[in-house]
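Enquirer: Below is one structure. I have some questions about it.
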Amino acid sequence: MALRPGDQIVHKAAWLYYTHGLRQDEIARRLDISRASVAMYLRKARETGIVTIAASTELFASDVLSRRLEDRFGLEAVWIADGSAYPDPEAEVPSLAASVFLSMVGSGQRVGVAWGRTVYAIADAMTFADLKDVTVVQLCGNLGAPYSYRPDQCTMEIARRLNAKGLNFYAPLILSTETLATALRAEPVIREQLAGVGECDIALFSVGFADEDAHVVKCGAVTAAELRALRRQGAAGVIAGQLIDAGGVPLDCEYNRRCISADLTDFRAIPKRLMVVQEEAKLEPLRAALAGRFATHLVLSRTVAQALIDSPAGQAG
């Protein structure tokens, strides 16, 4: 997948122009080249077919660090955004992830979508695709909190970008009792939707914190005190609303038993699972998700990638 050195600046110029919408003079300043060179590189990109989503994202998968992460964690592909190719470095991971995701989705496929700030940022950065017969499925129950990155909002926004049909869960993420959660999972509509998770062709998700900053705390699914207790039981991260331990195993706890979400065994049966992580603070949950083999493909920032490779605990599970 490595690019020839002479092609890298062509790819970067094309990435900035076609994906991020920078003007040619802005690209010239960012890459420290002349505007005439930018025009020449963009022409070469069009003539040689570089201007495709797949080819553009290749630039971010050609890094030696990507290969090391793939080998260590048994991943099919890793893309690393180093922040140097975009005026707002924090926006590059969602933008890159959106392009990678679009390159992985095809007509006629079933797409599973989790939730959270990262997933919604990806949806917001995604260009519109005219795909046929695509269905986007919400992977966990909904939240009452007024966030734009609620599960239903993430699902429907991605469906809109893909010209796809969106399927929302008409159930809350967390029920008040295990008995009520068990009964709701048995309802035909919910049972059918949960059973269809394993039929997805691709999943898009991030891994969440298992601390006071977690979305499950902010949305009211669990209190900070309850989550501290769950931390003492071994909670290390959140996947599709459910808690996992450091080894990537779903936590045997009342919270998970009250959760309306995809069975994580079915989740791992999805052939392509794209995980996106931007914050270095997510190193612990990221390691847990990798130990549990939840991801087949990974997009992350260079800071997180380096921290992951340097971490003494950064071994495949």
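The values are calculated or read from the model by the stated rules, or taken from the named source; none is laboratory data. Given the structure is predicted, the values throughout are model-derived calculations rather than measurements. Ideal geometry is used to build each Cβ from the backbone, glycine not excepted, and the neighbour counts take in all protein chains shown.
Enquirer: Among the numbered criteria (1) at pLDDT 85 or above; (2) of a type outside the set (Asp, Glu); (3) closer than 24 Å to Glu279 by Cβ; (4) crowded, with 20+ Cβ neighbours inside 10 Å, which one does Val136 miss?
Expert: All conditions pass for Val136, except number (3).
Enquirer: Also: Looking only at the range 181-195, which residues are farther than 18 Å from Phe294 by Cβ and surrounded by 12 or more Cβ atoms within 10 Å (Cβ to Cβ)?
Expert: Residues satisfying the conditions are Ala181, Thr182, Ala183, Leu184, Arg185, Glu187, Ile190, Arg191, Gln193, Ala195.
Enquirer: Give the residue, chosen from Leu283, Leu308, that is of a type in the set (A, V, I, L, M), outside any loop (DSSP other than H, G, I, E, B) and crowded, with 20+ Cβ neighbours inside 10 Å.
Expert: Selected residue: Leu308, the only one of Leu283, Leu308 that is of a type in the set (A, V, I, L, M), outside any loop (DSSP other than H, G, I, E, B) and crowded, with 20+ Cβ neighbours inside 10 Å.
Enquirer: Look through the range 125-151, keep the residues that are part of a loop (DSSP other than H, G, I, E, B) and among the polar types (S, T, N, Q), and return whichever of them is nearest to Leu243 (Cα to Cα).
Expert: Ser148
Enquirer: Cβ-Cβ below 9 Å, separation at least six or inter-chain, first residue in the range 27-48 and in the same structural domain as Ala13 (by TED's automatic domain parsing) and farther than 16 Å from Gln8 by Cβ, second surrounded by fewer than 14 Cβ atoms within 10 Å (Cβ to Cβ) and hydroxyl-bearing (Ser, Thr, Tyr): which pairs?
Expert: Hits for this filter: Ala28/Ser34.
Enquirer: Name the helices (runs of 4 or more DSSP H) wholly inside the range 18-82 in which the number of residues that are at pLDDT 85 or above, of a type in the set (A, V, I, L, M) and within 25 Å of Phe101 (Cα to Cα) is 2 or more.
Expert: In the range 18-82, the matching helices (runs of 4 or more DSSP H) lie at 64-73.
Enquirer: Take the residues of the range 93-111 that are not in a helix (DSSP H, G or I) and not polar (S, T, N, Q): which is farthest from Val78 (Cα to Cα)?
Expert: Gly108
Enquirer: Here's something else I'd like to know. Restricting to the range 152-165, what's the tally of residues that are out of contact with any Phe, Trp or Tyr (no Cβ under 7 Å at 6 or more places or on another chain), within 17 Å of Pro94 (Cβ to Cβ) and either part of a loop (DSSP other than H, G, I, E, B) or of a type in the set (S, T, N, Q) (or both)?
Expert: Residues meeting the conditions: 1.
Enquirer: Sticking with this structure for a sec: Take Ala114 and tell me if it is more than 12 Å from the chain's Cα centre (by Cα) and either at pLDDT below 95 or assigned by TED's automatic domain parsing to the domain that holds Gly237 (or both).
Expert: In short, no.
Enquirer: Sticking with this structure for a sec: If we scan the range 166-173, do we find a residue that is within 15 Å of Ala262 (Cα to Cα), in contact with a Phe, Trp or Tyr (Cβ under 6 Å, 6 or more places away or on another chain) and either in a loop (DSSP other than H, G, I, E, B) or in the same structural domain as Asn142 (by TED's automatic domain parsing) (or both)?
Expert: no
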